Structures are given as structure tokens and as C-alpha cells.
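Colleague: Pasting a structure below so you can have a look.
Just so it is clear, none of the values below were taken in a lab; they were calculated from the coordinates. Note that the coordinates shown come from a computational prediction; the quantities given were computed from them, not determined experimentally. Here Cβ is always computed from backbone atoms with ideal geometry, including for glycine, and neighbour counts include all displayed protein chains.
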């Protein structure tokens, strides 16, 4: 498999990921700048990694796009749009966006949305699925109201177990499962999940789920259902054909490492959930040439599930010794956290710069990536191979 | 512009998506024509084109089988084998 060490050169839209069909083109979609094409129907677009060096907040026009099902709306009329709340509730609700906006004082959260398959292209051995580099993530300020506000208004049954979320996207054939995700009732009633209409002070971009998106801070992007149109409270398990994307896809081995030996299968699986601690260097990329004559300030980002970043350590000698970076100002515990460290390269020639984050939950990024069938949840230490002159 | 007209304009958002430009590699194998017909029903062929290189016939055939058993793709057993064989040759 390809290694992130190999090439992240700016002109290479594969960003170090080799593909059967060759290069992924840059494409222009509505409301977006040029992004890397993963799939066109339904659209799946990756953010070029250089964007993460521009700002801590990922601009709306650069934010990655992911759909699963090709039968989704390309036109939405707010006069007709409704959010339906039904199932094990006292009273079903049908809310317009305007009604939702006036139900409670809007709240903001800055949170990272990372795709479960971010960096899947570096899985070794390789697995089928979207061959992503590291750009299927973004950090934005989301504005909306807490999910629990609408659930409380509907009156959740004391027997409730799960809440499911469906959007306006539909499968092309009826034999294909719909894309529906579930949260357990405690999580759904916690203060964290939001029903958001705002992203970085604007309406959600169409392709990121206009007019309403479920925000699940600290959880992988698969739960952040787009074009949200139906919330169903269940007093049973979530089963049936349309539970596929919850119960069959997006599964991890249910063991301590959430991994298996390549080729083997786990006895039990469980749905993917929270973000493991992860960090990147954003201001250098593979094959860059750096000078030994003067110090250089390295910069980057770290994030996790909201436990809080403890340290971000840097190695410029391929992992032999580690230096502690300075953490920047926090935009909130679910946000990218910036870090900086000034380093000097004493020797000329090839060097490997590595970044390793730890969090308040005792998690530390591992040196080697573990493996699972879906190529999910990659969070191994990132290495950047450079030349020093 | 009347107020009613302005309000109508702002309640509708509409986008137009660019067409797919990626095509399947041509081949005289029977799987090529089958793939053209069957693999574009639910998604564009970049789903196939942008997979890892070097997947063998067994891996491609099981990827096609997944389309039938997980997503209900209308494929016979012989379709699955022909398409798997074609994909392992061209990719």
C-alpha cells in the first residue's frame, strides 16, 4: 500500500494514495471551490490538505462532501420542507425551518466532522471503499438548537431506546437500504447533539445538508445526517433493511484494539462511534525542502472526541526523540486545536517529521495503524518525509 | 419587485450538478457491456475507477457480489462472475 510518506505534493490530487484508475481530478461543484473528486454520482468530494494550513475553521466552500445514495434532492423549497418527529412520542411534530429556529435560543458549537473512512487509502493491506487521503474532515462553527429541545417538545416515551435520523436522500432502487442512523436515547437527550442550520455564520451549503443537519460533536461524520427530515423515537431495537448503514456497514471489531489481523474476521462487531485522538502537521508536506540554516516554526492541528488534547509532541528524527509543542487557543473541546513548535534541523539530507497527540482520557496515537475491514478510524502517528539542505 | 415575488425567490434553493466524466476501460470481455449496463444504475463508475490498484479477480468478484447481497443490485451469478473477471483484467 501507499504510505503517507511517499508524496503529498500539491500537484498530486491523489495525495499519496494510488488508485486503479489513476489520478483523481479536481472538480467544481455548486457552492464549492475546486475539490478532489472521489465520486460524482452521488457526489463525494475531498478537501485538498493544503486547506488545513489556511485557517483553523474549514471554509464552507472547501468542506468535504459525502453522500451514499444517488436519489437526493437538488432543489429544496423551505415553504414545503418539514422536519417530522414521530415514533414513541406523546405527539408527533411537523416543523418548518422557521418554527425550529424560533423554538429555542440558538446555540453554537465548533466541532470537527471527520469521515469514518478518512485516510482509508493508506490502509495496508488496501480495502475497497472510498480511497480517501486525509482530507475527509473539517472544523466548523455549527449553529442550531439542541436535539433534545424538539424531543422534549414531542414528549419521549419512558420506554424509548433509540432515536433514528433520516434525510431527504433516498436509494435509487427499493432493494437498497435507505441511509438512516441511530443514537441511543441517553445520547439523544444529552445537551450535545444539535439540529443545525448554520455553518460558519451562513446557511449550510446545499451539499453539506441544507437546510438542516444533525451535529454529533465528538462522533464520526456518519452520524451527522444531512437534509434531515425525519426523527423517529424507537421503543425497540433498530432492525430491518433500513438499519443496514447502522448495523451492517460502519462496523468495527468489538474488541480492545477495534482491529483484526488482515484477512481474519472478528467474532463480534459494533457500530463506529467517537473520534480517536489525532493530529497533523499542516504547514509542511512530503518532499518539501527545508533549510538547516534557520529555525522553522512547525504548525498543525490536533483533535479528539471532546476529552481534551493533553499534549502534541513532535519528532524531527524519525521518532527517536520527541519535543513538546505549544498548544494554541481553544475554540472549544470538539474543535481542531492549533499547535506550534520551532525546530532546527542540525543535519542535511532526508529527515522524517512526526506528530503525536495524547488526550485527557489517556489515549495516545499509536505508531502503527491497526487494521479493520472497512478501513475506518485511522489515527496512527503521521510522518512527513522532507529534505534538509 | 413585489414583496410576494421576492419571498418566493428566497424559499427555493436549487443546484445543478456537473456530469460524470469518468468512463469504464473498453474491453472485448463480456463483462464490459454488462458492467456498462448494470454498474451505473445506482452510482457513477468512478466508484469502481477510484478503487485500489492490484485487486485480484476474487476480490473484484466479491465486491460485485456485495452489490447484489447488500444493495440488491439486479445481477445473476454469471453476471457477477463476468463483471468480476473484466474488472480484474482492466484494473
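Colleague: Just checking the output field for A:62-74: average partner chain Cβ neighbours within 10 Å of each residue's Cβ?
Modeller: Neighbouring Cβ atoms belonging to other protein chains average 2 per residue here.
Colleague: Which of B:61, B:11, B:23 moves the most in a Gaussian network model of chain B with Cα springs under 10 Å?
Modeller: For chain B, modelled as a Gaussian network with Cα springs under 10 Å, the answer is B:11.
Colleague: Right, next: Per residue of A:126-134, count partner chain C-beta atoms within 10 Å of its C-beta, then hand back the mean as an integer.
Modeller: Across A:126-134, the average partner-chain Cβ count within 10 Å equals 4.
Colleague: Something else about it: Report the dimensions of segment A:295-340 along its three principal axes from the alpha-carbon atoms, largest first, rounded to Å.
Modeller: 31, 20, 11
Colleague: Which of A:322, A:224, A:339 moves most in a GNM of chain A, Cα contacts under 10 Å?
Modeller: Evaluated over chain A, the most mobile residue of the options is A:322.
Colleague: Taking only the Cα atoms of segment A:159-313, how large is their convex hull per residue, in Å³?
Modeller: Convex hull of Cα atoms, per residue: 218 Å³.
Colleague: Still on this structure, please answer the following. What share of Cα pairs, in percent, lie more than 17 angstrom apart in segment A:61-104?
Modeller: Roughly 58 percent, rounded to a whole number.
Colleague: Zone of residue B:17 (label point 7 Å along Cα→Cβ, backbone N under 20 Å): which residues in segment A:157-188?
Modeller: It comes to A:166-181, nothing else.
Colleague: For residue A:311 and residue A:108, what is the calculated FRET efficiency with R₀ set at 35 Å and r taken between the beta-carbons, to the nearest 0.05?
Modeller: The value I calculate is 0.80.
Colleague: Using label points projected 7 Å from each Cα along Cα→Cβ, tell me how many nm separate residue B:62 and residue A:265, to one decimal.
Modeller: Between residue B:62 and residue A:265, the label points sit 0.9 nm apart.
Colleague: May I pose another question? Restricted to Cα positions, what overall size does segment A:238-341 have along the principal axes? Three whole-Å values, descending.
Modeller: 62, 35, 23
Colleague: Which semi-axis lengths, in whole Å and largest first, follow from the square roots of five times the eigenvalues of the Cα gyration tensor of segment A:288-385?
Modeller: 25, 18, 11
Colleague: Another question, if that's okay. Mind checking the alpha-carbon convex hull of chain A and giving the volume per residue in Å³?
Modeller: 144
Colleague: Output the Cα-based Rg and Dmax of segment A:158-216 in Å, rounding Rg to one decimal and Dmax to a whole number.
Modeller: Here Rg and the maximum Cα pair distance are 13.8, 39 Å.
Colleague: Determine the calculated [θ] at 222 nm for chain A from helices alone, applying -39500 (n - 2.57) to every DSSP H run no shorter than 4 residues and normalising by the residue count; nearest 500 deg cm²/dmol.
Modeller: Using -39500 (n - 2.57) per qualifying helix, the result is -1000 deg cm²/dmol.
Colleague: Of the candidates A:326, A:74, A:47, which one comes out as most mobile in a Gaussian network treatment of chain A with C-alpha springs shorter than 10 Å?
Modeller: Taking springs between Cα atoms under 10 Å, the residue moving most is A:74.
Colleague: Continuing with this model, one more query. Just need the relative contact order of segment A:48-130 here, percent rounded to a whole number, with Cα pairs under 8 Å and 6+ apart.
Modeller: 13
Colleague: For labels at residue B:77 and residue A:186 in the simple 7 Å Cα→Cβ model, what's the distance in nm?
Modeller: Reported label-point gap for residue B:77 and residue A:186 is 4.8 nm.
Colleague: While we're on this one: Packing-wise, with mean Cβ within 10 Å as the measure, how do A:169-182, A:302-315 rank, highest first?
Modeller: Order by mean packing, descending: A:302-315, A:169-182.
Colleague: Full-extension gain between residue A:157 and residue A:255, please, as 0.36 nm times their residue separation minus the C-alpha to C-alpha distance.
Modeller: Going from the current span to full extension adds 32.0 nm.
Colleague: Report the equivalent ellipsoid semi-axes for segment A:120-176 in whole Å, largest first, defined as the square roots of five times the eigenvalues of the gyration tensor built from alpha carbon atoms.
Modeller: For segment A:120-176, the semi-axes come out at 34, 20, 13 Å.
Colleague: Hey, another quick one. Quote the convex hull volume per residue of chain B, based on C-alpha atoms, as a whole number of Å³.
Modeller: Taking the convex hull of the Cα positions in chain B, it is 138 Å³ per residue.
Colleague: Give the relative contact order (percent, whole number) for segment A:173-317; include only Cα pairs under 8 Å separated by 6+ residues.
Modeller: 20
Colleague: Can you give me the orientation-averaged projected area of the convex hull built on the Cα atoms of segment A:51-193, in nm²?
Modeller: Orientation-averaged projected area of the Cα hull: 11.5 nm².
Colleague: Hey, what number do you get for chain B at 222 nm if only DSSP H runs of n ≥ 4 count, each worth -39500 (n - 2.57), divided across all residues, to the nearest 500?
Modeller: Rounded to the nearest 500, it is -16500 deg cm²/dmol.
Colleague: Let me ask you something else. Based only on Cα atoms, what mean projected area does the convex hull of segment A:234-282 have, in nm²?
Modeller: Projected over every direction and averaged, the Cα hull of segment A:234-282 covers 6.0 nm².
Colleague: Nearest 0.05, what FRET efficiency do residue A:235 and residue B:10 give at R0 = 30 Å with Cβ-Cβ as r?
Modeller: The calculated FRET efficiency here is 0.15.
Colleague: Ok, one more. Pop the C-beta distance of residue A:291 and residue A:360 into the FRET formula with R0 = 30 Å and round what comes out to the nearest 0.05.
Modeller: Efficiency, rounded to the nearest 0.05: 0.25.
Colleague: Follow-up question, since we're still on this one. Just want to confirm a number: the relative contact order over chain A, from Cα pairs under 8 angstrom separated by 6+ residues, in percent.
Modeller: 17
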